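Quick note: the coordinates plus some simple rules give every number you see, no bench work behind them. Predicted, not measured: the structure shown is a model, and the values here were computed from it. Every residue, glycine among them, receives a Cβ derived from its backbone with ideal geometry; neighbour counts consider all protein chains shown.
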Amino acid sequence: MKNIVYVLESDTARFGAVELQDGSSIAPIYDLIGSRLIEMIRFDDMHSLFVDEEALRDGLTAFTIFDGYPKPLAGKIVLVGGDGGQPYRSPMITIADAAARFQCCRPVLDPVFATAGDMTPKGLIVAGALASLQVRIDRRSPVLEENETCENRGLIQ
């Protein structure tokens, strides 16, 4: 039995439907996420998310905000139909409706340049020199993709 799941990649903000060849076991979900330590989060009454429990780590370059969930998610996020109490099935929500619940985020460093009125510790005025970097979070909606199989995306060997 084949199942469709939706996969959101935090790093690229790509969100696509992926057909799994083995729809009855959790093994393809482990392979999609790339970890054996996964967490299940309720998406709604009829859907669940699987995420890498250890994806929030030092050196993180991107993360995802899930509407209604208190902490950020990182790595690959897999949306399936079902509440986790029985074998999962294909989502019963459109990928566009699911995408509306996510925001993909990444930290961005913006340069701040010295102005003519700025002074260095030694009293020199260096207009146009790099004075510091400011951090901001760039938020964007997931980018929807065409249907693909796991093999085409290189997610399952």
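Toward the positive end of the charge dipole of the stretch 52-104, with +1 on the Cβ of Lys and Arg and -1 on the Cβ of Asp and Glu, the farthest Cα among A99, I65, G82 is that of A99. Proximity of backbone amide H atoms, modeled 1.01 Å from N, is registered between S90 and I4, G81 at under 5 Å, excluding neighbours fewer than 5 places apart on the same chain.
Compute the relative contact order of the stretch 1-52 as a whole-number percentage, counting only Cα pairs closer than 8 Å that sit 6 or more residues apart in sequence.
Working: 63 pairs, mean separation 12.9, N = 52.
Relative contact order here is 25 percent.
Note that the stretch 4-14 has calculated 3J(HN,Hα) couplings of 9, 10, 9, 10, 10, 9, 4, 5, 9, 6, 6 Hz, one per residue in order, obtained from phi through the Karplus relation 6.51 cos²θ - 1.76 cosθ + 1.60 (θ = phi - 60°); glycine and proline are x. Amide H contacts of H47 (H built 1.01 Å from N, in plane; Pro and chain starts excluded): G82 sit under 5 Å, all sequence-distant by 5 or more or on other chains. Of the trypsin sites (Lys or Arg not before Pro) in the stretch 48-109, the ones in a loop by DSSP (not H, G, I, E or B) with at most 14 other beta carbons within 10 Å are R57.
Extending 7 Å from the Cα toward the beta-carbon at both E53 and R139 defines two label points whose distance is 2.9 nm.
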